[in-house]
Amino acid sequence: MNEYEINDDTLAIIPIDECRSKIIEKSKSFIVNQPTIKIIDVSCQYFGSSYQGRFLGTKNLIGISHKAPIIIEESKEIIFFPTTSPRLFNCAWISLKNLQNYKRNNDSTTIIFNNGHLLNLEISYATVDSQVLRAARLESVLRLRKNNN
């Protein structure tokens with residue numbers, strides 16, 4: 001597959017190498033011939049913005065510019081957060097909406113999705129916790145603004 005748009009069923013986008021990513025959805029997984037950041041950017045564009053536009057939106061809404069979570073689509077509250085700097089090819093992106101919990105595993109962290117799917121990431125629990133909190137803050141500000149209009 002050469003292109004992919006993030007949707008409600010997307011759980012995670014995992015880098016394979018600098019040119020390919022593994023998409024994990026609720027009921028299937030497959031390979032896309034694009035790096036993770038390109039999939040994020042194409043998905044943002046599909047919903048009317050760009051990665052850079054969404055990045056600036058996050059910065060304006062919650063003041064975060066390092067490893068910033070991104071609103072892919074506002075009305076469905078599709079928000080993804082990066083596991084490292086998005087400039088690095090090994091950056092994975094996780095869906096906040098589909099996240100149920102996460103647990104520490106020595107030097108790695110297991111992500112538990114709403115459908116029971118488990119994903120082990122070679123990143124610290126503290127990093128995942130920080131990223132989830134940032135994404136939840138972004139979601140909260142987005143909801144408040146939607147409800148006040």
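Each reported figure results from applying straightforward, stated rules to the coordinates on display, with no laboratory input. The model shown is predicted, which means the values in this text are computed figures rather than measured ones. We place every Cβ from the backbone using ideal geometry, glycine too, and count neighbours over all the protein chains shown.
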**OP:** Could you please find all residues in the range 19-33 being farther than 19 Å from residue 113 by Cα and touching a Phe, Trp or Tyr at 6+ places or on another chain (Cβ under 7 Å)?
**Re:** 32
**OP:** Take the range 1-45 and flag every residue that is charged (D, E, K, R), touching a strand residue (DSSP E or B) at 6+ places or on another chain (Cβ under 9 Å), over 14 Å from residue 78 (Cβ atoms) and part of a loop (DSSP other than H, G, I, E, B).
**Re:** 3, 20
Subject >> Subset tally (residues that are among the small types (Gly, Ala, Ser) and farther than 17 Å from residue 39 by Cα) for the range 85-117 >> reply: 2
Original post:
Filter the range 122-148 for residues that are hydrophobic (A, V, I, L, M, F, W, C) and under 14 Å from residue 94 (Cα atoms); which is surrounded by the fewest Cβ atoms within 10 Å (Cβ to Cβ)?
Top reply: 133
**OP:** Scan 59, 97, 38 and give me the residue that is in contact with a Ser or Thr (Cβ under 7 Å, 6 or more places away or on another chain) and among the charged types (D, E, K, R).
**Re:** 59
Original post:
Which residue, of 77, 3, 18, is in contact (Cβ under 8 Å) with a residue 60 or more places away in the chain and loosely packed, with under 13 Cβ neighbours inside 10 Å?
Top reply: 18
Original post:
Restricting attention to the range 117-140, does a residue exist that is among the basic types (Lys, Arg) and out of contact with any Pro (no Cβ under 9 Å at 6 or more places or on another chain)?
Top reply: no
**OP:** Give the residues of the range 9-21 that are farther than 11 Å from residue 98 by Cα and out of contact with any Ser or Thr (no Cβ under 6 Å at 6 or more places or on another chain), sorted by residue number.
**Re:** 14, 16, 17, 18, 19, 20
Subject >> From the options 42, 32, residue that is without any contact (Cβ under 8 Å) to a residue 60 or more places away in the chain, aliphatic (A, V, I, L, M), touching a helix residue (DSSP H, G or I) at 6+ places or on another chain (Cβ under 8 Å) and more than 25 Å from residue 125 (Cα to Cα) >> reply: 32
**OP:** Scan (1) in a helix (DSSP H, G or I); (2) touching a Ser or Thr at 6+ places or on another chain (Cβ under 7 Å) for the single condition residue 126 breaks and write down its number.
**Re:** (2)
**OP:** Looking only at the range 55-71, decide whether some residue is surrounded by 16 or more Cβ atoms within 10 Å (Cβ to Cβ), under 15 Å from the mean Cα position of the chain (by Cα) and part of a strand (DSSP E or B).
**Re:** yes
